[in-house]
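The values are calculated or read from the model by the stated rules, or taken from the named source; none is laboratory data. Predicted model only: the values in this text are computed from it and were never measured. Using ideal geometry, Cβ is built from the backbone for each residue, glycine included, and neighbour counts are taken over all protein chains shown. SASA here: full protein model, heavy atoms, side chains in, ligands and nucleic acids out. Shrake-Rupley method; radii C 1.70, N 1.55, O 1.52, S 1.80 Å.
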Amino acid sequence: MIWLMIVMMAVVVFMSRYWFFEPKLSFKRLEKIQGLLEYCAPAVLTAIIAPIIFLKEGKTLNLNMDNPYIIAAATACILIYLTKNTLLTVIVSMGIFLLMNELI
């Protein structure tokens, strides 16, 4: 019975996403809804990353400049804005994060 529920939930989740994103289906999306769907990925990434960057051990707010997560995230934001080069941004911000971790 548990496996049946898991499979049924997986089917419901899959179909709800497939229905919106499959271009061959005759479902016509409103332009406003399509515009809102463009914000899904940044919203989810922000919700995942923000606690990692700003919370110390998941409990207290850590906004000190000796926090390697903040320095690396700020570097990544600035680099991606200036260069639009994802590989360079990832490599440099990871290098800064590792360097900050070694120094602290």
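Does segment 89-102 contain any residue that is loosely packed, with under 10 Cβ neighbours inside 10 Å, without any contact (Cβ under 8 Å) to a residue 40 or more places away in the chain and either of a type in the set (A, V, I, L, M) or in contact with a helix residue (DSSP H, G or I) (Cβ under 8 Å, 6 or more places away or on another chain) (or both)?
Scanning segment 89-102, I find no residue that is loosely packed, with under 10 Cβ neighbours inside 10 Å, without any contact (Cβ under 8 Å) to a residue 40 or more places away in the chain and either of a type in the set (A, V, I, L, M) or in contact with a helix residue (DSSP H, G or I) (Cβ under 8 Å, 6 or more places away or on another chain) (or both), so the answer is no.
If we keep just the residues of segment 61-73 that are closer than 16 Å to L45 by Cβ and out of contact with any Phe, Trp or Tyr (no Cβ under 6 Å at 6 or more places or on another chain), which is surrounded by the fewest Cβ atoms within 10 Å (Cβ to Cβ)?
Ranking the candidates gives Y69 first.
Hey, can you tell me all the residues within segment 36-49 that are open to solvent by 90 Å² or more (accessible area, probe 1.4 Å) and either touching a Leu at 6+ places or on another chain (Cβ under 9 Å) or not charged (D, E, K, R) (or both)?
Matches in segment 36-49: L36, Y39, L45, I48.
Could you give me the residue pairs with C-beta distances under 7 Å whose first residue belongs to segment 48-60 and is under 12 Å from A73 (Cα atoms), whose second residue is open to solvent by 60 Å² or more (accessible area, probe 1.4 Å) and of a type in the set (A, V, I, L, M) wherever it lies, and which are 6+ apart or on separate chains?
Pairs that qualify, where the first residue is under 12 Å from A73 (Cα atoms) and the partner is open to solvent by 60 Å² or more (accessible area, probe 1.4 Å) and of a type in the set (A, V, I, L, M), are F54/L61; F54/L63.
From I33, I52, grab the single residue that is modelled with pLDDT under 85 and open to solvent by less than 100 Å² (accessible area, probe 1.4 Å).
I33 is the lone residue from the list that is modelled with pLDDT under 85 and open to solvent by less than 100 Å² (accessible area, probe 1.4 Å).
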